[in-house]
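What follows is a single structure, written as structure tokens, with notes after it.
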Amino acid sequence: MTTKTKTLVTTRARGTALVLAASAFFATSGPLAKPAMAAGLTPQQVVSVRIGLAAVLLGVGVAVFSPRFLRVGRRDWRVILGFGLFGVAGAQTMYFAGVSRLPVGIAMLLEFTSPLLVALWIRFVRKTVLPAKAWAGTAVAVFGLAMVAQVWDGLRLDTIGVLAGVASAICAACYFLVGEHGLTTMHPLTMATYGLFVGAVILFVIAPPWTLPRDILVKPTPLGPVWTLLVAVAVLSTAIAYSVGMSALRHLPSTVVSVLSLAEPVIATAVAWAVLDEELTVIQIMGGITLLAGAFVVQRASQPSAGQELHPRPDDGTAIVAGSLSTPTKT
């Protein structure tokens, strides 16, 4: 095995580990936010505090320890605004809008069809032909997600809810595609920090966090006072999750990252079962295995060939495999 091939394999393994880590951090949002909402906070209030507090904490941390990552070029602002609008504020707001009018399983399934949207964008906009097993693996993963979400449970159709769910999928696809594009010139911490700030400004208009009732913030829950849950969801499920998720896109293309991120609802279901004593059925377990099997197929489809080149990333020279999946074929 040549040095270049070893580097490619190591990069792919590191990217996979980062995606799964990001999914695990994102997955803690439900179990942490649910007791806070049960205590009286609305989903919009939780999301507003979550994004706003995460933006402040991450911004202060980067300013103190790595201030160079706060410098961005004039042309980068358009990407940052798009990422903050769609990948942060849009994805969060549209998902909760869908949940408010649809069963959670349906809303989750609609949002996590984003890998299909990413693949379609790569195929028809970038004109890159993807391997057949990548499409097959994506389909299997989405089918497994449907089993985990148990979409047949309480199924009902609400037009506005479905439109919100589709919008959440589009915004989630933007998270992967815009994030991948932005990382060609910016560091993951730069994208995460400024993206969260833009998202926070938008969400503050919808649900100003300074209007939160103080009596609810100190109300006890099985996991601690409400305010501690908000801090935890801001740190673990947002600041760390977005930073790690952006880092993953430096090592793997958006098509692969989006499919591997389907592990998030599986992890969230498992955490809810362990922490909140929510029921975990045999079908959900089988669905999780099916989903991960499909994601594994897509991940294998991303295995680089020996002739692929590496593109350096800004600041530290970290490399990423060129193309989308395997060796891309232009039409």
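The values are calculated or read from the model by the stated rules, or taken from the named source; none is laboratory data. All values derive from a computational prediction rather than experimental measurement. Note that we place each Cβ from the backbone using ideal geometry, even for glycine, and neighbour counts take in every protein chain shown.
So if I check each of V198, V256, which one is in a helix (DSSP H, G or I) and modelled with pLDDT under 95?
V256
Determine, yes or no, whether V266 is touching a helix residue (DSSP H, G or I) at 6+ places or on another chain (Cβ under 9 Å) and aliphatic (A, V, I, L, M).
Here the answer is yes, as V266 does meet what is asked.
For L32, work out the one condition from (1) modelled with pLDDT of 90 or more; (2) closer than 30 Å to I216 by Cβ; (3) hydrophobic (A, V, I, L, M, F, W, C); (4) crowded, with 21+ Cβ neighbours inside 10 Å it doesn't fulfil.
(1)
With R50, R75 as the choices, which residue is more than 15 Å from A234 (Cβ to Cβ) and basic (K, R)?
Selected residue: R75, the only one of R50, R75 that is more than 15 Å from A234 (Cβ to Cβ) and basic (K, R).
In segment 32-69, which residue that is assigned to a helix (DSSP H, G or I) and of a type in the set (S, T, N, Q) is farthest from the chain's Cα centre (by Cα)?
So, considering only residues that are assigned to a helix (DSSP H, G or I) and of a type in the set (S, T, N, Q), the one farthest from the chain's Cα centre (by Cα) is Q45.
Filtering segment 203-228 down to residues that are assigned to a loop (DSSP other than H, G, I, E, B) and in contact (Cβ under 8 Å) with a residue 40 or more places away in the chain, which residue is nearest to Q44 (Cα to Cα)?
Ranking the qualifying residues of segment 203-228, first place goes to A207.
With the structure loaded, tell me whether I216 is among the aliphatic types (A, V, I, L, M) and modelled with pLDDT under 90 or whether it fails that test.
Judged against the criteria, I216 is not a match.
Okay, residues lined up against (1) within 23 Å of the chain's Cα centre (by Cα); (2) farther than 24 Å from T113 by Cβ:
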residue	(1), (2)
W152	no, no
S168	yes, no
M186	yes, yes
M191	yes, no
Y194	yes, yes
T211	no, yes
K219	no, yes
W227	no, yes
V233	yes, yes
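Which of (1) touching a residue at least 40 places away in the same chain (Cβ under 8 Å); (2) farther than 13 Å from A167 by Cβ; (3) assigned to a helix (DSSP H, G or I) does L120 not meet, given it meets every other one?
(1)
Taking the options A91, A164, A173, A139, name whichever one is aliphatic (A, V, I, L, M) and surrounded by fewer than 21 Cβ atoms within 10 Å (Cβ to Cβ). I'd like the intermediate steps shown before the answer.
Values: A91 fails: surrounded by fewer than 21 Cβ atoms within 10 Å (Cβ to Cβ); A164 fails: surrounded by fewer than 21 Cβ atoms within 10 Å (Cβ to Cβ); A173 fails: surrounded by fewer than 21 Cβ atoms within 10 Å (Cβ to Cβ).
Being aliphatic (A, V, I, L, M) and surrounded by fewer than 21 Cβ atoms within 10 Å (Cβ to Cβ) holds for just one of A91, A164, A173, A139, which is A139.
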